[in-house]
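What follows is a single structure, written as structure tokens, with notes after it.
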Amino acid sequence: MSKFGVLALCLSTALAAQAPDKGYVLNFSENFSGDHVDTNVWNFRTDSKALSTQLPRNVSVRDGKLLITPREEHVAGMDFTGGGIVSKAAFRYGYFQVDAKITSDHGWHTSFWMMAGDGKTTFPMEARTEIDDFEIESPTKISMGYLVWQNKQQISSQRCNNAYAPGFSTADAMHTYGVEWTEEKLTYFLDGKAICSQPYSPASGMHDRVNIWLTTIGARKPIDASGASPAEYRNVRYYVRDYYIAAGDPAYAEYGKDWHDGPEPGFSNSASRVSCSADATAVYTPAVLEAGTFHVQLWHVKNSPSTRNGDMEIRIDTAKGTQSRTVPAKAPSGWYDLGTFDFNKGTAGAVTLSSAKDCLQANTVKFLRQ
């Protein structure tokens, strides 16, 4: 059963590691405590890719573990079937973690990775980030890195390490794998120890919200489809420290008339939203899991003749009352500092944008825990 929000982390084994920084708070947890996949929380992977078609029946839950047991069978033009699950919840920056034991059966590609999607395809039309915490085809080598997708094509790929040797077989026992994603870099962990780090700036690709994938697919022949060694996963975790809210995210809301996509891109080339209606407001409401002090910044899109942006009036609802700020229309594009404020746990705090005249252009607001 999955749980969202602040949870007391009860670890079933000493393997599982805490997030790498005390500022992180547990936001998502899956312990696989039932006898089946919770389809309120997970989608099944159902595409055909590489050497296999992925089927729900190859995925099971037993003894607190998710098992993926691939098979030899002809489905949708493939001679083998794999499987996997994809979280329905999507996340941005934070720390992702899982315990996993990799299949020792030859020819399979087992992975713990993140990308926006529902399991039906891994070739998105939209610009998307793919983060591979681990991809393992040989139990003694781990590949990790990121890819950028657009128009159903991979447009860039940077591996942090394509053949990391852990010094043991990843198929012999459970190990804890993690990846920390921040605005500027990715850091990969194995059993609580950082093993690789790489830059990944917002200009390098679309830093969009991602879903968690746990999968095994056919990769290279000869393939052992005996099912003697299913891939095993347990203790899926996502921790959050900072809250980034982009226009279009669930924590974003807009009011008033005539809202539409703006011509100028915003943070990490994300779409901005524009309204030239006098009653237009945009509201960013973080679901704060643990009360604290946050440094708040807004991504400002410089005044443009095509949209006639006006000065932006900002209202910040904090634990200590309401604060006001003004962002000049001529301020340069980029992060604009609004200040440091206390926020209570929950959704009482918010940042509201409006414009006294001309157009309002909304993009991204971030709340950085201090």
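Rule-based calculations on the coordinates, nothing more; no lab input. Keep in mind that this is a model prediction, so the values were computed, not measured. So basically every Cβ, Gly included, is an ideal-geometry build from the backbone, and we count neighbours across all protein chains shown.
With the convex hull constructed from alpha-carbon coordinates only, the range 68-117 shows a mean projected area of 4.8 nm² over all directions. Ranking of His74, His109, His207 by neighbouring Cβ atoms within 10 Å, starting from the fewest: His74, His109, His207. Computing Rg and the Kirkwood Rh from the Cα coordinates of the range 244-369 gives a ratio, Rg/Rh, of 0.95. Computed about the Cα centre, the dipole magnitude for the range 147-290 is approximately 560 debye when only Lys and Arg (+1) and Asp and Glu (-1) carry charge, each at its Cβ. Of the residues Ala319, Val351, Val365, the one whose Cα sits farthest toward the positive end of the charge dipole of the range 244-369, with +1 on the Cβ of Lys and Arg and -1 on the Cβ of Asp and Glu, is Ala319.
Cross-link partners for Lys221 among the lysines, with Cα-Cα distance under 23 Å and sequence neighbours closer than 8 places in the same chain left out: Lys49, Lys101, Lys141. Take the residue pairs Lys185/Lys320; Lys257/Lys357; Lys152/Lys302 and return only those whose Cα atoms are more than 24 Å apart. In this structure, Lys185/Lys320; Lys152/Lys302 lie more than 24 Å apart at Cα. Can you tell me the FRET efficiency between Asp261 and Glu184 if r is taken as the Cβ-Cβ distance and R0 is 41 Å, rounded to the nearest 0.05? Computed FRET efficiency for Asp261 and Glu184 comes out at 0.95. Residues in the range 348-362, backbone N under 20 Å from the label point at Ser324 (7 Å along the Cα-to-beta-carbon vector): list them, ranges by number please. Under 20 Å, as judged by backbone N against the label point of Ser324, lie 349-361 of the range 348-362. In this rough spin-label picture, where each label sits 7 Å from Cα along the Cβ direction, the Trp335-Glu290 distance is 2.1 nm. Each Lys or Arg adds one and each Asp or Glu takes one away; over the other residues whose Cβ falls under 9 Å from the Cβ of Tyr243, this sums to +3. Of all aspartates and glutamates in the structure, the ones whose alpha carbon falls short of 12 Å from that of Lys366, not counting any fewer than 8 places away in one chain, are Glu183, Asp242, Asp337. Exposure here means at most 12 other Cβ atoms within 10 Å; with GluC sites (Glu not before Pro) in a DSSP loop as sites, the longest stretch of the chain lacking them is 185-370. With only Cα atoms counted, the chain has Rg and Dmax values of 22.1, 68 Å. When only the Cβ of Lys, Arg, Asp and Glu is charged (+1, +1, -1, -1), the dipole of the chain relative to its Cα centre reaches about 340 debye.
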